[in-house]
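Below is one structure, written out as structure tokens; the observations come after it.
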Amino acid sequence: MQAAKEKISDMASSAKEHVNIAKAKAEEKVEKATAKTTEEKEMAHEREEAKKAEAKAELHKEKAEHRTERMNVHAADTRGHHRQNPIGIGIDPVDKHV
């Protein structure tokens with residue numbers, strides 16, 4: 001269950017990354033169209049590259065958070081499941097006087 005939740009969260013983060021990259025590309029095109037000098041065009045390109053890198057970093061950060069969440073839930077689920085009853089407690093299957 002947690003694996004499916006993690007996968008869906010990862011897909012949502014990936015989709016968000018793609019949207020942010022597309023937005024950065026569109027903004028670069030607008031800035032390049034309104035730029036008057038080559039320096040302004042280069043600056044627009046650099047801003048786009050920075051936004052792409054930021055989107056990718058955000059994706060990796062979110063994926064790490066999803067993995068941490070999954071590990072925490074998994075650790076909480078497995079605590080205490082392997083307990084054994086102390087010796088002498090319970091019904092003795094050999095006792096025929098019951």
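For segment 49-56, just list the computed ³J(HN,Hα) in residue order, Karplus coefficients 6.51, -1.76 and 1.60, θ = phi - 60°, integers in Hz, with x standing in for Gly and Pro.
Along segment 49-56, the couplings run 4, 5, 5, 4, 4, 5, 5, 5 Hz.
What is the Cα centroid distance between segment 1-44 and segment 51-71, reported in whole angstrom?
15
Provide the per-residue ³J(HN,Hα) series for segment 59-76, in order, calculated from phi with Karplus coefficients 6.51, -1.76, 1.60 and θ = phi - 60°, each as a whole number of Hz, with x at glycine and proline positions.
Here the 3J(HN,Hα) series is 4, 5, 5, 5, 5, 5, 5, 5, 5, 5, 4, 5, 5, 5, 5, 5, 5, 5 Hz.
Based on the alpha-carbon gyration tensor of segment 2-78 and its eigenvalue square roots a ≥ b ≥ c, which shape applies: rounded if a/c is under 1.5, prolate if not and a/b is larger than b/c, or oblate? Mind dumping the intermediate values first?
Details: a/c = 8.44, a/b = 3.60, b/c = 2.35.
Because a/c hits 1.5 or more and a/b exceeds b/c, segment 2-78 counts as prolate.
What are the lysines whose alpha-carbon lies under 30 Å from the alpha-carbon of K52, with same-chain residues fewer than 8 places away excluded?
Answer for K52, where 30 Å is the Cα cut-off: K5, K7, K16, K23, K25, K29, K32, K36, K41, K61, K63, listed by chain and number.
Since every read-out is calculated from the coordinates, none of them should be taken as a lab result. A quick note: this is a predicted structure, and the numbers were derived from the prediction, not measured.
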